[in-house]
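Below you'll find the structure, written out as structure tokens, and then a few comments.
The values are calculated or read from the model by the stated rules, or taken from the named source; none is laboratory data. Everything quoted here is computed from the prediction, not taken from an experiment. Note that each Cβ is placed from the backbone with ideal geometry, even for glycine, and that neighbours are counted across all protein chains shown. Areas reflect the complete protein model, heavy atoms only, side chains present, ligands, DNA and RNA absent. Shrake-Rupley method; radii C 1.70, N 1.55, O 1.52, S 1.80 Å.
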Amino acid sequence: MLIEITSYNDIDARKLMDIYAESNRENVDYFYPDMSDKRAALALVEERFLGFLKTDFFVHPNSSYYILEEEGIWVSALRLSLVEDCQCRRYYMEAIETRPSFRLKGFASKLVYDVIQKLKAKGPFVLCDCVSKHNEQSLKTHLKCGFQIVSNEGFDYLQNEENPRCYALEYRFV
């Protein structure tokens with residue numbers, strides 16, 4: 001089942017953090033390299049993540065979190081922001097993640113496909129993403145869902161900056 005969340009207050013923080021558990025553990029050493037208590041550091045990483053959602057992400061209108069739920073378990077998630085509202089709307093998609101125990105089973109593709117279908121019902125759009133050149137699985141998922149690489153240099157529409165370590169990808173429905 002596809003769940004759309006448009007307000008921070010509607011997030012089940014524990015279920016969301018379970019999806020991002022692996023990435024959050026990786027961020028412990030990045031954000032808190034000197035902390036010896038890794039559990040406490042992980043709690044700080046999760047707090048920082050949720051704080052970003054509350055004070056940065058959801059304060060922008062037309063920003064949504066999409067969750068794919070299977071049998072009550074949140075298995076995959078992504079963030080979506082409308083970055084250009086004109087005749088052909090432009091969206092920026094980011095932070096696609098699937099719980100490790102659910103990976104390689106098509107859940108990320110299903111989530112992206114379901115979001116694309118929801119956007120198609122509203123008319124023409126361009127869906128953009130920025131994917132690390134080292135993240136082969138994410139790149140395969142995007143290409144499987146109909147995205148095309150449009151540049152060897154990614155662009156983060158929310159930070160308004162280029163990223164040479166990423167590809168710029170687009171899905172067009174025009």
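So here's what we get for this one:
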item: Residue among P61, P33 that alone is touching a Leu at 6+ places or on another chain (Cβ under 9 Å), open to solvent by 40 Å² or more (accessible area, probe 1.4 Å) and free of Cβ contacts under 8 Å to residues at least 60 places away in the same chain; result: P61
item: Filter result for E170 (of a type in the set (D, E), open to solvent by 20 Å² or more (accessible area, probe 1.4 Å), within 25 Å of L16 (Cβ to Cβ) and in contact (Cβ under 8 Å) with a residue 24 or more places away in the chain); result: no
item: V83, sole failed condition from (1) modelled with pLDDT of 95 or more; (2) under 18 Å from the mean Cα position of the chain (by Cα); (3) of a type in the set (V, I, T); result: (1)
item: Any chance D85 is open to solvent by 40 Å² or more (accessible area, probe 1.4 Å), without any contact (Cβ under 8 Å) to a residue 40 or more places away in the chain and closer than 26 Å to E161 by Cβ; result: yes
item: Check on R48, of a type in the set (D, E, K, R), without any contact (Cβ under 8 Å) to a residue 12 or more places away in the chain and either over 24 Å from K118 (Cβ atoms) or surrounded by 15 or more Cβ atoms within 10 Å (Cβ to Cβ) (or both); result: no
item: Breaking point among (1) surrounded by 14 or more Cβ atoms within 10 Å (Cβ to Cβ); (2) assigned to a helix (DSSP H, G or I); (3) in contact (Cβ under 8 Å) with a residue 40 or more places away in the chain; (4) of a type outside the set (K, R), for I3; result: (2)
item: Pick from the stretch 6-30, criterion touching a strand residue (DSSP E or B) at 6+ places or on another chain (Cβ under 6 Å) and open to solvent by 60 Å² or more (accessible area, probe 1.4 Å), ranking: nearest to G72 (Cα to Cα); result: K15
item: Meets criteria (in contact with a strand residue (DSSP E or B) (Cβ under 8 Å, 6 or more places away or on another chain) and open to solvent by 30 Å² or more (accessible area, probe 1.4 Å)) for F107; result: yes
item: Hits in the stretch 119-163 (condition: over 20 Å from Y66 (Cβ atoms), open to solvent by less than 80 Å² (accessible area, probe 1.4 Å) and not hydrophobic (A, V, I, L, M, F, W, C)); result: S132, K133, S151, E153, G154, N163
item: Residue under evaluation R79, criteria (1) of a type in the set (K, R); (2) touching a residue at least 24 places away in the same chain (Cβ under 8 Å); (3) under 18 Å from S7 (Cα atoms), criterion not met; result: (2)
